[in-house]
């Protein structure tokens, strides 16, 4: 076991997030900093995720500022998530099982969904289902490289999404698996971008691919929190 203070890394990440504010009130944030990037826009799902993150940090004023402009249950505006609500995916990170888009599903072949479903069944008190999903995603984690074995979506892109590793870390924390959590945290620290955020993906050689974004950064912060 090792002991490390994650505060400096988290503070740097929060400064990165703050730099993406659309307005002084902090009611919404751009997804990425690069103004000529296709993702330089406000995604409703990311606003919800940020509000969850701020609540976990004890910064309820920041969470309320976001939810004053982006109320719970608003439609997602990401064209890849048509007919979804902005809070139907990451709601499970604040214990909301009612609005979870995979409710009652017991398995998936996608790493992010496996982690989210395991958290869902934990909240529902079905440790048998949760443990089965935990074992499945645990078997996909490469401790030496810090990545999850590519699922079908990842293999198509030939990239390792960092947000899925962060979700795995969040789940490891809930499972009280300190060894796994510390391994994930160590790699997240190593991968933190000079901007303070976390870049979306890693290539097969583990070099960064893309730019730092809100979703990956918010989930990485939550994986680093005590």
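Summary of computed values
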| item | result |
| --- | --- |
| For the chain: relative contact order, % (alpha-carbon pairs under 8 angstrom, 6 or more apart) | 20 |
| The stretch 14-129: C-alpha gyration tensor shape, a/c 1.5 cut-off, then a/b vs b/c | prolate |
| Ascending count of other beta-carbon atoms within 10 Å, so fewest first, for 30, 168 | 30, 168 |
| Tensor-based shape of the chain (alpha-carbon gyration tensor, a/c under 1.5 rounded, otherwise prolate or oblate) | rounded |
| Value of [θ]222 nm, deg cm²/dmol, for the chain, DSSP H segments ≥ 4, -39500 (n - 2.57) each, nearest 500 | -14000 deg cm²/dmol |
| Segment residue 83-residue 24, length gained on full extension (0.36 nm per residue, minus Cα span) | 18.2 nm |
| Proportion of all alpha-carbon pairs of the stretch 15-65 beyond 13 Å (%) | 57 |
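Where a number appears in this text, it was derived from the coordinates with a stated rule and is not lab data. The structure displayed is predicted, hence computed values, not measured ones. In this analysis, Cβ positions are derived from the backbone assuming ideal geometry, glycine residues included, and neighbour counts consider all displayed protein chains.
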